[in-house]
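Asks: First the structure, then my questions, so here it is.
The values are calculated or read from the model by the stated rules, or taken from the named source; none is laboratory data. Small disclaimer: the values here were computed from a predicted structure and weren't measured. A quick note on method: Cβ atoms are made from the backbone with ideal geometry, for glycine too, and the neighbour counts reach across all protein chains shown.
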Amino acid sequence: MNGPVRRVLVCGARGFIGRHIVQALLQAGFTVRAGVRASSTAPLPAGVEPCFMDFSRDTRPEPWHARVADCEAVINAVGVLREQAGQSMDAIHHAVPAALFSACANTGVRRVLQVSALMPPGSRTRYAQSKRQAEAALLALRAEGRLDACVLRPSVVFGEGGASTALFQRLARLPWLPWPAQAVNPRIQPIRVEDLAQACVRLLDAPGPLPATLDLVGPARYTLPDFIAALRQRHGGRPAHLLVLPAALGTASARMGDLCPRQPWGSETLALLGADNIADAAPLQALLGRVPRSVLEGAPA
């Protein structure tokens with residue numbers, strides 16, 4: 001690439017969202033430093049520099065200074081839907097990102113993007129609370145004039161390799177759809193992961209200043225049963241029979257899911273799905289210069 005190197009540190013570069021952000025940055029001509037765990041063995045794209053970090057333990061700014069010092073920007077795409085042994089949501093979503101943000105401010109890295117989530121305002125889940133604390137830490141540094149930062153708040157992110165996507169696809173294959181009563185009516189506004197990644201590129205290229213927050217949503221709103229039905233129809237299936245589970249049974253199924261932390265269904269997920277997850281798509285459309293693409297277009301099988 002001609003001109004100065006435009007290096008971006010992407011934390012969570014081997015995750016579902018992070019992988020797509022890395023690819024979009026490379027296609028746009030950026031140099032990428034990939035923040036990954038030392039234990040991770042998944043390959044990185046050619047030319048991407050690995051940078052080892054631990055989002056469970058790096059809770060002080062000092063370890064981050066060398067990682068970010070020569071970067072033009074930082075994107076944090078690290079997140080977990082479920083806690084596992086040694087993976088505290090408070091550390092992964094709040095304490096470590098706060099240290100990262102402070103390091104960026106200390107070393108003069110102005111532009112920081114935080115991939116958060118579009119969450120129900122009243123949600124008391126650990127997921128929502130820890131994400132909000134990270135948002136507050138970043139926006140406080142922005143208010144002090146130390147960062148030009150933006151919090152990205154996507155609705156359900158849909159695409160190949162996503163845990164939620166895989167869950168919805170499995171449900172779309174069932175002839176009977178058992179669904180908890182408390183999650184029948186709330187709506188989602190799913191966004192393609194490629195559009196999320198492209199939004200990151202556009203924000204890094206923006207002349208500035210960045211918006212403090214940006215909701216990332218697709219063009220269509222669905223109730224969850226309707227979305228699963230649309231996926232089923234997309235792949236030629238007949239409409240499934242909706243079996244609405246009493247709220248108590250839905251809660252019990254989520255608690256059973258809590259016993260298997262490596263899959264997405266559990267009490268936290270049920271609580272997050274129990275309220276609307278929608279927003280105005282106009283700001284994202286203006287940023288992209290086009291209407292966001294439907295998640296049903298080329299939906300993974």
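Asks: Quick check: is even one residue across region 167-187 charged (D, E, K, R) and in a loop (DSSP other than H, G, I, E, B)?
Replies: Yes.
Asks: Here's a check for you: in region 106-130, which residue that is modelled with pLDDT under 95 and touching a His at 6+ places or on another chain (Cβ under 8 Å) is farthest from Pro186 (Cα to Cα)?
Replies: Ranking the candidates gives Ser130 first.
Asks: Condition first: touching a Leu at 6+ places or on another chain (Cβ under 7 Å), within 22 Å of Arg57 (Cα to Cα) and surrounded by 16 or more Cβ atoms within 10 Å (Cβ to Cβ). Can you find one or more residues in region 150-161 that meet it?
Replies: no
Asks: With the requirement that a residue be among the basic types (Lys, Arg) and modelled with pLDDT of 95 or more, what does region 54-93 give you? Before you say what the answer is, go through the steps one by one.
Replies: Step one: of region 54-93, the residues among the basic types (Lys, Arg) are 57, 60, 67, 82.
Once the filter is applied, which keeps residues that are among the basic types (Lys, Arg) and modelled with pLDDT of 95 or more, region 54-93 yields Arg60, Arg67.
Asks: Any chance region 200-218 includes a residue that's in a strand (DSSP E or B), surrounded by fewer than 23 Cβ atoms within 10 Å (Cβ to Cβ) and either in contact with a Pro (Cβ under 9 Å, 6 or more places away or on another chain) or modelled with pLDDT under 90 (or both)? Talk me through it step by step, then tell me what you get.
Replies: The first filter runs over region 200-218 and keeps only residues in a strand (DSSP E or B), leaving 213-216.
Narrowing further to those that are surrounded by fewer than 23 Cβ atoms within 10 Å (Cβ to Cβ): 213-215.
In the following step, the residues that additionally are either in contact with a Pro (Cβ under 9 Å, 6 or more places away or on another chain) or modelled with pLDDT under 90 (or both) were identified as 214-215.
The answer is yes; a qualifying residue exists.
Asks: What number of residues in region 233-266 are of a type in the set (Ser, Thr, Tyr) and closer than 12 Å to Gln182 by Cα?
Replies: Residues in region 233-266 being of a type in the set (Ser, Thr, Tyr) and closer than 12 Å to Gln182 by Cα: 1 in total.
Asks: Let me ask another. Can you tell me which residue among Leu141, Leu177, Leu167 is more than 28 Å from Gly29 (Cα to Cα), out of contact with any Leu (no Cβ under 9 Å at 6 or more places or on another chain) and in contact (Cβ under 8 Å) with a residue 24 or more places away in the chain? Walk me through how you get there before you give the answer.
Replies: Details: Leu141 fails: out of contact with any Leu (no Cβ under 9 Å at 6 or more places or on another chain); Leu177 fails: out of contact with any Leu (no Cβ under 9 Å at 6 or more places or on another chain).
On inspection, the qualifying residue turns out to be Leu167.
Asks: Let me ask something else. Please list, ordered by first then second residue, the pairs with beta carbon atoms under 6 Å, 6 or more apart or interchain, first in region 232-261 and in contact (Cβ under 8 Å) with a residue 40 or more places away in the chain and assigned to a helix (DSSP H, G or I), second surrounded by fewer than 14 Cβ atoms within 10 Å (Cβ to Cβ) and of a type in the set (Ser, Thr, Tyr).
Replies: none
Asks: Scan Ser116, Ser123, Ser155, Ser130 and give me the residue that is over 18 Å from Tyr222 (Cβ atoms), among the polar types (S, T, N, Q) and touching a strand residue (DSSP E or B) at 6+ places or on another chain (Cβ under 9 Å).
Replies: Matching residue, one of Ser116, Ser123, Ser155, Ser130: Ser116.
Asks: Conditions: (1) surrounded by 20 or more Cβ atoms within 10 Å (Cβ to Cβ); (2) touching a Gly at 6+ places or on another chain (Cβ under 8 Å); (3) over 30 Å from Ala137 (Cα atoms). Phe227 meets all but one. Number of the miss?
Replies: With respect to (1) surrounded by 20 or more Cβ atoms within 10 Å (Cβ to Cβ); (2) touching a Gly at 6+ places or on another chain (Cβ under 8 Å); (3) over 30 Å from Ala137 (Cα atoms), Phe227 is out only on (2).
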